[in-house]
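The values are calculated or read from the model by the stated rules, or taken from the named source; none is laboratory data. Because the structure is predicted, anything quoted here is derived from the model rather than measured. With ideal geometry, Cβ positions are generated from the backbone for all residues, glycine too; neighbour counts draw on all protein chains shown. The accessibility values were calculated without ligands, DNA or RNA, using every heavy atom of the protein model including side chains. Shrake-Rupley method; radii C 1.70, N 1.55, O 1.52, S 1.80 Å.
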Amino acid sequence: MVTIKEIAAAVGVSNATVSRVLNYDATLSISKRKRQAIIETAEAMNYATPRNRNRAHQQGLSKLALVHFQRPEQELADPYYVALRLGIESRCAALKIETVKVYQTDSKPDAGLLQGASGVIAIGRQDDDGIDWLQRHSRHLVMADFVAFDEQVDSVQADLRVAMERLLQSLADLGYRRMAYIGVYDRRAQAFVEWLTKAGWFDDRLFRSGGKTEQGGYNLAREILSEDRPPEVIVTFNDSMAIGVYRAAAEMGLSIPGDVSVASFNDNSVAQFLNPPLTTVHLPAEEIGETAVEMLLERAAGRELAKQITLASRIVWRESTRAPLASEAR
């Protein structure tokens, strides 16, 4: 467990100063910048004060069940959902909350696993029957990365529709007109079709729905790049598919971004190390997981009003697209 001494060493202040900042001592004389540095360092190191570590147990949240919509091997192939789960687990570790993972199978999970937990976080898309089943067997339920039709179910997610619209507008501002999309048909794909149709630029030959793996990106990119009028930029469902696009472009003798640009979603750790580094929309996967834990704590403490929280995304501009405008780069 991270100690006050380690935080103090990282920031360059005394142990007493760190302790007083993290315990909200209003009488402490310290600059705003230094106070913020201490708080941000503590958060980055997953430090929790004794008061916060005890908070979960005082509110009756000692064990939490993670119900995943994917199988274990599917999750391991999807860095976004790995990051989301790690966000949940790191926050629980800091608060000394035990976690149990329940992955997708051909049948419903053991209801006893859920009933023995103080709360449940359901990760990813769940159908109506699944949500109803989770509600019946959970003391408290939060949806992470999905919003249930029932507004009484807590949820936290990133707004993929808005994220796609902002990406497309930014690409248009850079002069792109022939834009392609490859990947799963979800909210971002729907937004892609609607936004380009409204702009008068949608070409159904440059839209390929299906798949979310590197191989899927490779196959679909080869199809699109073989069109008589290929796209200026390919937007992919995730960074894994973008890697497939890079491979297809290389085999076809095309340069990125000289012949075709690439933009993606997720901002996985590999994105910055591709050649060229990948422009991608950063989705707050870990923060979604952390927020879901906090929402369960609120429910356990007696909150009755349901919450649906949307966390912000941001475009990370790199060299796989044209240089962004100064206002976009900030």
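Each helix, a run of at least 4 DSSP H residues, gives -39500 (n - 2.57); summed and divided by the residues of the chain, these come to -13000 deg cm²/dmol at 222 nm.
Solvent-accessible surface (1.4 Å probe) assigned to His282 amounts to roughly 50 Å². The simple spin-label model puts a point 7 Å past each Cα toward its Cβ; for Phe146 and Ser269 those points are separated by 2.7 nm. When the solvent-accessible area of the chain is split by element, carbon and sulfur atoms take up 49 percent of it, the probe being 1.4 Å. So which residue, out of Gly289, Gly119, Gly12, gets the largest mean-square fluctuation from a GNM of the chain using Cα contacts under 10 Å as springs? Result: Gly12 has the largest fluctuation of those listed. Normalised by 2.2 N^0.38 Å, where N is the number of residues, the alpha-carbon radius of gyration of the stretch 82-209 equals 1.37. Residue ranking by accessible heavy-atom surface, 1.4 Å probe, largest first, among Arg229, Arg178, Arg187 comes out as Arg229, Arg187, Arg178. The residues of the chain present an accessible area of 49 Å² per residue when probed at 1.4 Å with all protein chains retained.
For the chain, modelled as a GNM whose springs connect Cα atoms under 10 angstrom apart, the maximal fluctuation among Ser138, Ser170, Ser261 occurs at Ser170. At the residue level, Lys5 shows approximately 140 square angstrom of accessible surface with a 1.4 angstrom probe and all protein chains present. Along the stretch 235-248 the Karplus relation, 6.51 cos²θ - 1.76 cosθ + 1.60 evaluated at θ = phi - 60°, assigns HN-Hα couplings of 9, 10, 4, 8, 5, 4, 5, 4, 4, x, 5, 4, 5, 4 Hz to successive residues, with x for each Gly and Pro.
When a/c is below 1.5 the answer is rounded, else prolate if a/b is larger than b/c, else oblate, so apply that to the chain with a ≥ b ≥ c taken from the square roots of the Cα gyration tensor eigenvalues.
Numbers: a/c = 2.31, a/b = 1.46, b/c = 1.58.
Oblate.
By definition, a body whose alpha carbon gyration tensor gives a ≥ b ≥ c is oblate when a/c is 1.5 or more and a/b is not larger than b/c, and the stretch 180-227 fits this oblate description.
Legend: residues Tyr185, Tyr246, Tyr176, sorted from most to least accessible area (1.4 Å probe; ligands, DNA and RNA excluded), read Tyr185, Tyr246, Tyr176.
3J(HN,Hα) along the stretch 95-104: 9, 6, 9, 6, 10, 10, 9, 10, 9, 5 Hz, from the Karplus curve 6.51 cos²θ - 1.76 cosθ + 1.60 with θ = phi - 60°, whole Hz, x for Gly and Pro. If you sort the three axes of the alpha carbon gyration tensor as a ≥ b ≥ c, you get a/c under 1.5 for the stretch 157-285, which makes it rounded.
Evaluating 6.51 cos²θ - 1.76 cosθ + 1.60 at θ = phi - 60° for every residue in the stretch 277-293, the Karplus couplings come out as x, 8, 6, 8, 8, 6, 9, x, 4, 5, 5, 4, x, 4, 5, 4, 5 Hz, glycine and proline recorded as x.
For Cα pairs less than 8 Å apart in space and 6+ apart in sequence, what is the mean separation divided by the residue count of the stretch 181-231, i.e. the relative contact order in percent? Before the final figure, lay out each step's value.
Values: 40 pairs, mean separation 21.8, N = 51.
Value for the stretch 181-231: 43 percent.
Taking every C-alpha pair closer than 8 Å and separated by at least 6 residues, the mean separation divided by the residue count of the chain gives a relative contact order of 17 percent. Loop sites by DSSP among the GluC sites (Glu not before Pro) of the chain, restricted to those with at most 12 other Cβ atoms within 10 angstrom, leave 152-303 as the longest stretch without any of them.
Where both partners of a DSSP beta bridge lie in the stretch 201-327, what percent of those bridges are antiparallel, to the nearest 5?
The answer is about 30 percent antiparallel.
Counting only protein heavy atoms and using a 1.4 Å probe, the accessible area of Val13 comes to about 40 Å². Database remark: amide H of Val316 closer than 5 angstrom to the amide H of Thr280, Val281, His282 (H placed geometrically; neighbours at sequence offset of 5 or more, or on other chains; Pro and chain starts carry no H).
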